[in-house]
1. Restricting attention to the range 128-183, which residues are surrounded by 18 or more Cβ atoms within 10 Å (Cβ to Cβ) and among the β-branched types (Val, Ile, Thr)?
2. Within the range 98-122, take every residue that is small (Gly, Ala, Ser) and either under 30 Å from LEU76 (Cβ atoms) or open to solvent by 80 Å² or more (accessible area, probe 1.4 Å) (or both) and give me the one that is modelled with the highest pLDDT.
3. Are there any pairs with C-beta distances below 8 angstrom linking a residue in the range 165-178 that is free of Cβ contacts under 8 Å to residues at least 60 places away in the same chain to a residue that is open to solvent by 10 Å² or more (accessible area, probe 1.4 Å) and aromatic (Phe, Trp, Tyr), with the two at least 6 apart or on different chains, and if so which?
4. Taking the range 19-58, which residues are open to solvent by 40 Å² or more (accessible area, probe 1.4 Å) and among the charged types (D, E, K, R)?
5. Working only within the range 135-161, note down all residues that are among the basic types (Lys, Arg) and within 11 Å of the chain's Cα centre (by Cα).
6. Considering (1) open to solvent by 50 Å² or more (accessible area, probe 1.4 Å); (2) at pLDDT 90 or above; (3) in contact with a helix residue (DSSP H, G or I) (Cβ under 9 Å, 6 or more places away or on another chain); (4) closer than 26 Å to GLY132 by Cβ, say which one LEU16 fails and leave the rest.
7. Where residues in the range 162-180 are of a type in the set (A, V, I, L, M) and under 17 Å from PRO46 (Cα atoms), which of them is farthest from the chain's Cα centre (by Cα)?
8. Answer yes if at least one residue in the range 204-227 is part of a helix (DSSP H, G or I), within 14 Å of LEU16 (Cα to Cα), among the hydrophobic types (A, V, I, L, M, F, W, C) and open to solvent by 10 Å² or more (accessible area, probe 1.4 Å), and no otherwise.
Amino acid sequence: MNVTKLKPRQTPARELPQHLIADADRPEHRYLGSELLLYLTSGKLPKEALKDYAVLRWAFQAHANPAMMLSHAAFLEGEDVEHLLENAYDEIFRLAGEGDHPGLWVQFAKLLGATDAELDQVARKPLAEVIGFPRTMTHYCRKSAAEGLATWWGDEKQLPEAHGATALALTKYYGLSDETVEYFYEHVRADIEHTEHSFSLFEGYVKDRGDVVRGRRAAAVTLWAWREMHDGILRYLRQKYDF
């Protein structure tokens with residue numbers, strides 16, 4: 001007697017992350033394919049532009065606030081909220097000197113020669129493309145559980161690869177110390193753990209095709225905003241250093 005094996009039912013909660021993985025591989029969404037990272041990871045960005053890169057991108061880290069990190073906690077239940085709190089702790093709430101991400105970026109910028117005045121100024125008046133990224137994430141985290149989860153998972157899924165390659169290039173081509181690039185190493189460690197845990201959350205909050213469509217759109221716009229942040233910085237650097 002022939003027995004026909006039934007394929008596992010493709011639920012919306014399984015479909016959404018599959019779409020997010022495929023969408024992240026599209027050329028226009030690949031973090032490592034952004035032009036600024038191509039310059040950095042090949043050692044072709046002028047060394048004198050590194051400090052400006054660190055200063056300009058600080059505005060994102062300065063505005064990575066609780067609203068961006070925790071808004072979608074309103075849609076979650078029970079222990080799932082604890083995951084978001086742990087993520088927020090890793091990103092912005094760690095004590096100074098304990099691997100807090102804003103502090104590590106300040107360390108990176110200052111070891112490249114940035115001053116407190118320069119960092120304060122760019123936090124007050126960021127490039128539109130830079131402030132657009134955290135505001136995009138905040139927007140989707142306030143809309144629904146599916147959109148918030150897709151936004152964060154889609155972004156963090158690419159960061160270990162992007163930050164790992166950047167760290168290696170900064171040490172190889174620019175001679176920066178491990179202390180200087182610790183921000184990038186820390187993100188590799190943290191975001192691998194975050195994405196693995198976040199994957200399981202889709203099962204409880206992606207209910208129907210509407211969630212799949214909205215989550216996929218939220219992630220795609222977030223990936224575009226991340227790349228646009230870096231494209232905006234590159235436009236500034238090209239104009240200043242004429243390369």
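The values are calculated or read from the model by the stated rules, or taken from the named source; none is laboratory data. Everything numeric in this text was worked out from a predicted model, so none of it was measured. Ideal geometry is used to build each Cβ from the backbone, glycine not excepted, and the neighbour counts take in all protein chains shown. The protein model used for the area step is the full one, side chains on, heavy atoms only, and it has no ligands, DNA or RNA in it. Shrake-Rupley method; radii C 1.70, N 1.55, O 1.52, S 1.80 Å.
1. VAL130, ILE131, THR136, THR138, THR151, THR166, THR180, VAL181
2. Going through the qualifying residues, I end up with GLY103.
3. ALA167/TYR185; ASP178/TYR185
4. ASP25, ARG26, GLU28, ARG30, GLU35, LYS44, LYS47, GLU48, LYS51
5. LYS157
6. Failed condition: (1).
7. My answer is LEU176.
8. The answer is yes; a qualifying residue exists.
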